[in-house]
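**Student:** Take this structure first; my questions come after.
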Amino acid sequence: QVQLVESGGGLVQAGGSLRLSCAASGRAFSSYTMGWFRQAPGKEREFGASISWSGDSTMYADSVKGRFTISRDNAKKMVYLQMNTLKPEDTAVYYCAASRKVTLATSSSEYDYWGQGTQVTVSS
């Protein structure tokens, strides 16, 4: 199995920035498409960003496009989400996930492994 652990969440004022990190262990990290999802209280989990196993392709939800950047470092078995110009509506628990699909995946059902989540709170 693959274990994923997120870190970097916290409280930030609107307009600020945070960088989330996801550390992977277990089977080969470079074999997986990686994604970031988020879930606000009372809301369903939604797609944020994904990156191919080679790192040469990315996809973003319209709600974060232009503000968030996903990246990965296969040598370090890490994936990152740089979040800039944060808005109160970005407040959620953010989850790192790994997919065995060979193409970019945007649905939570396409992901096989999940981290425990890290809380991001953006104040107005």
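The values are calculated or read from the model by the stated rules, or taken from the named source; none is laboratory data. Bear in mind the structure is a predicted one, so any value in this text is a computation, not a measurement. Neighbour counts run over all protein chains shown; Cβ positions are idealised from the backbone, glycine included. Note: accessible area is taken over every heavy atom of the protein model, side chains too, but ligands, DNA and RNA are not part of it. Shrake-Rupley method; radii C 1.70, N 1.55, O 1.52, S 1.80 Å.
**Student:** Just name the residue that is least open to solvent (accessible area, probe 1.4 Å) out of those in the range 13-38 that are touching a strand residue (DSSP E or B) at 6+ places or on another chain (Cβ under 8 Å) and over 16 Å from residue 113 (Cα atoms).
**Tutor:** Checking each candidate, the answer is 20.
**Student:** While we're looking at this one, here's another question. Of 10, 48, 66, which residue is loosely packed, with under 14 Cβ neighbours inside 10 Å, within 22 Å of residue 89 (Cβ to Cβ) and free of Cβ contacts under 8 Å to residues at least 60 places away in the same chain?
**Tutor:** Answer to the selection: 66.
**Student:** Now, a different point. Please work out which one of (1) open to solvent by 70 Å² or more (accessible area, probe 1.4 Å); (2) in contact (Cβ under 8 Å) with a residue 60 or more places away in the chain is the condition residue 43 fails and give its number.
**Tutor:** Evaluating residue 43 over (1) open to solvent by 70 Å² or more (accessible area, probe 1.4 Å); (2) in contact (Cβ under 8 Å) with a residue 60 or more places away in the chain leaves (2) as the failure.
**Student:** Can I ask one more? Out of the range 67-124, which residues are polar (S, T, N, Q) and touching a Leu at 6+ places or on another chain (Cβ under 9 Å)? It would help to see each step written out before you state the result.
**Tutor:** Going through the range 67-124, the residues polar (S, T, N, Q) turn out to be 69, 71, 74, 82, 84-85, 91, 99, 103, 106-109, 116, 118-119, 121, 123-124.
Answer for the range 67-124, where residues must be polar (S, T, N, Q) and touching a Leu at 6+ places or on another chain (Cβ under 9 Å): 69, 71, 82, 84, 116, 118, 119, 121, 123.
**Student:** Can you name the residue in the range 69-99 that is open to solvent by 30 Å² or more (accessible area, probe 1.4 Å) and either in contact with a helix residue (DSSP H, G or I) (Cβ under 6 Å, 6 or more places away or on another chain) or acidic (Asp, Glu) (or both) and is also nearest to residue 14 (Cα to Cα) among such residues?
**Tutor:** 89
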